[in-house]
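Trainee: Got a structure for you, written out below as structure tokens; questions coming shortly.
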Amino acid sequence: MKILLIYPKWPKLRHQPEFHLPPHGPVCFAANVPAGVELRFIDEHVTEIPASTDADLVAFSCMLTCQMPRAWELADRFRAQKIPVIFGGIGTTLHANETRAHADSVFLGETEEGRFAAVLDDLRRNQLQPVYDFQHNFPDAKKIGPARRGILDRPRYNYRGVQMVDLVHASRGCRFNCFPCCTPFLGGRKFRPRDIDAVLAELAAIPNNRLFMVDNSFAQDNAWTKELFRAMIPLRKKWVCHPIGDDPELLDLAAEAGCWYVYQAVFDTSDVIRRRIENYQRRGIGVEGTVILGLDDHDETAIKRLVDFLIEVKLDLAEFTIMTPFPHTPVRADLEKQGRLLTNDWLRYTCDRAVFRPAKMSPEKLEELYDYAWATFHAEETTEVKMGKLFMRVVEAEARDGTYRPVGKRVRANAWSRA
């Protein structure tokens, strides 16, 4: 049996330099494709999609809302050729009902514990089900194995000659319920850590020294996270992640374990945020602020003050976005009740467009202030220069501990490979 696995492209964020990370969802899915099945992976960001295929099944792995229209377009093309199509991934789960019109089957949830093997058994019997719903039936996280990164065409994932980080996760789920986030709907409100020995084995096997730990948060269980960071120290990897708990010992361990920089949400100009940034930077951990504009307490003055604050605290890098009410998020539910949604054109849900009516300004003004934030924060140093400084920080750290090395080329994509 042959499976063509496709990761469709999406419109990129305005003002942000265009780069492409190796996707995480497809390699986690590929790890659960049974041995003996031939698998070909195409990431449309770096490789063109063929007009036709001899695959027995075309599988779409989708992460973002704005990725879905392109996925639906491609799926319709392959179905017209009488090739069965199945969808999975975060974006698919957020848009399950719409996706059913473009697919022979929709898989909701996580694919471990032999679930996808059962799907292929149905396909062989010509009994593919319209929906496989495992969304709230989570596999045992301690049995989650390593991702299958051999499907990636690794040399294509670079920015100006610099190898992009590899993505890996040590846990799933999130006990928090942040207003703009759909993670609780997708992965549940329970923190689900993997077996630490399994995580270490996966980290050690990745040839790239630079990683992105894509866990939703390292502020959910400090005792477990400290154990993880202690165990990571001997690996001497360099990594970025989402927020870390504001605990001095935890932050010390993160720095010792190789934390390079952190994506820290910045909503306001409070002393709490100022202290969070200082606590990271004091330990040599860079901070990239993820800054959402258009909250209900944001007027023009508040947004301009926020940008000034980020410059004042010497934030290493900032990614400005416009608050976007994705399906199955608390903020979307609120805006729907208030009649403030403007469109369900998912191609506009790119986090740089106002798709709702802000509380204290017009949608047009919010987009204008989005442009202002990017331009003002990067007035003295471009985004590329700030990114370059963060990169030089990791190179210097690698030089100090003797881990600097080029990443070898391992090309497996664009050909059929067996698990």
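Trainee: Over the chain, what is the mean sequence separation of C-alpha contacts under 8 Å (at least six apart), divided by residue count, expressed as relative contact order in percent?
Mentor: Over the chain, the number comes to 17 percent.
Trainee: Before rounding to the nearest 500, sum -39500 (n - 2.57) across all DSSP H runs of length at least 4 in the chain and divide by the residue total; then give [θ] at 222 nm in deg cm²/dmol.
Mentor: Working: 14 runs with 140 residues, N = 419.
Helix contribution divided over all residues of the chain: -10000 deg cm²/dmol.
Trainee: Right, another one. Computed on alpha carbon atoms, what radius of gyration and Dmax characterise region 2-137, expressed in Å?
Mentor: 14.2, 49
Trainee: Moving to a separate point now. If you wrap a convex hull around the Cα atoms of region 165-401, how much volume per residue is inside, in Å³?
Mentor: Numbers: hull volume 31.1 nm³, N = 237.
Per-residue hull volume (Cα only) is 131 Å³.
Trainee: Another question, then. For region 262-419, give me the percentage of DSSP beta bridges that are antiparallel, rounded to the nearest 5 percent.
Mentor: Details: 1 of 12 bridges.
If I count the DSSP bridges inside region 262-419, around 10 percent turn out antiparallel.
Trainee: Could you work out the equivalent-ellipsoid semi-axes for the chain, taking the square root of 5 times each eigenvalue of the Cα gyration tensor, largest first, in whole Å?
Mentor: In descending order, the three semi-axes are 34, 28, 20 Å.
Trainee: Also, I was wondering about something else. Fewest to most neighbouring Cβ within 10 Å: what's the order for 321, 92?
Mentor: 321, 92
Trainee: Here's something else I'd like to know. How much of the DSSP bridge set in the chain is antiparallel, in percent, rounded to the nearest 5?
Mentor: Beta bridges within the chain, antiparallel portion: roughly 15 percent.
Trainee: Grab the Cα-Cα distance for residue 270 and residue 2, subtract it from 0.36 nm times how many residues apart they are, and report the gain in nm with one decimal.
Mentor: Taking 0.36 nm per residue and subtracting the Cα distance, the gain is 91.0 nm.
Trainee: Figure the gain on full extension for residue 12 and residue 159 (residue separation times 0.36 nm, minus the Cα-Cα span) and round it to one decimal in nm.
Mentor: Values: separation 147, 0.36 × 147 = 52.92 nm, distance 1.49 nm.
Between residue 12 and residue 159, full extension yields 51.4 nm more.
Trainee: Would you kindly derive the ³J(HN,Hα) couplings of region 293-302 from the backbone phi angles with the Karplus curve 6.51 cos²θ - 1.76 cosθ + 1.60 (θ = phi - 60°), listing them in order in whole Hz, with x for Gly and Pro?
Mentor: Along region 293-302, the couplings run 10, x, 5, 5, 9, 8, 10, 4, 5, 5 Hz.
Trainee: I've got another one for you. Normalised by the residues of region 148-240, what does the relative contact order come to in percent, with Cα pairs under 8 Å and at least six apart?
Mentor: 30
Trainee: Continuing with this model, one more query. With just the Cα atoms defining each centre, how far is region 1-77 from region 117-180? Give it in Å.
Mentor: 12
Trainee: Enumerate the amide H contacts of residue 131 below 5 Å, restricted to partners 5 or more residues apart or on another chain; note that Pro and chain-start residues carry no placed amide H.
Mentor: Those qualifying (amide H under 5 Å, at least 5 residues apart or on another chain) are 106.
Trainee: Which lysines, on any chain, are close to residue 2 with Cα under 23 Å apart, when same-chain ones fewer than 8 places away are left out?
Mentor: 82
Trainee: Let me ask something additional. Once the convex hull of the C-alpha atoms of region 41-113 is built, how many Å³ does it hold per residue, rounded to a whole number? All intermediate terms of the calculation are to be shown ahead of the outcome.
Mentor: Numbers: hull volume 7.2 nm³, N = 73.
Spelled out: Cα convex hull of region 41-113, divided by residues, is 98 Å³.
Trainee: Whole number please: convex hull volume per residue of the Cα set in region 256-372, in Å³? Provide the component values of the computation, followed by the final result.
Mentor: Details: hull volume 14.3 nm³, N = 117.
Each residue corresponds to 122 Å³ of Cα convex hull volume.
Trainee: Still on this structure, I have one more. Taking 0.36 nm per intervening residue step and subtracting the Cα-Cα distance, what contour gain separates residue 304 from residue 113 on full extension?
Mentor: Gain in length upon complete extension: 63.8 nm.
Trainee: Taking the alpha carbon gyration tensor of region 158-246, what are the square roots of 5 times its eigenvalues, largest first, to the nearest whole Å?
Mentor: Value: 23, 17, 11 Å, ordered largest first.
Trainee: In whole angstrom, how far apart do the alpha carbon centroids of region 273-316 and region 327-389 sit?
Mentor: Rounded to whole Å, the Cα centres lie 16 Å apart.
Trainee: Lysines within cross-link reach of residue 314: Cα-Cα under 21 Å, excluding same-chain residues under 8 positions apart?
Mentor: Partners found: 304, 386, 389.
Trainee: For the chain, give me every cysteine whose Cβ has no other Cys Cβ within less than 4.7 Å, ordered by residue number.
Mentor: Isolated Cys, the chain: 28, 62, 66, 174, 182, 241, 259, 351.
Coordinate-derived values only; no laboratory data. Owing to the predicted nature of the structure, the values given are computational and were not obtained by experimental measurement. Reconstructed Cβ throughout: ideal geometry from the backbone, glycine too, with neighbour counts over all protein chains shown.
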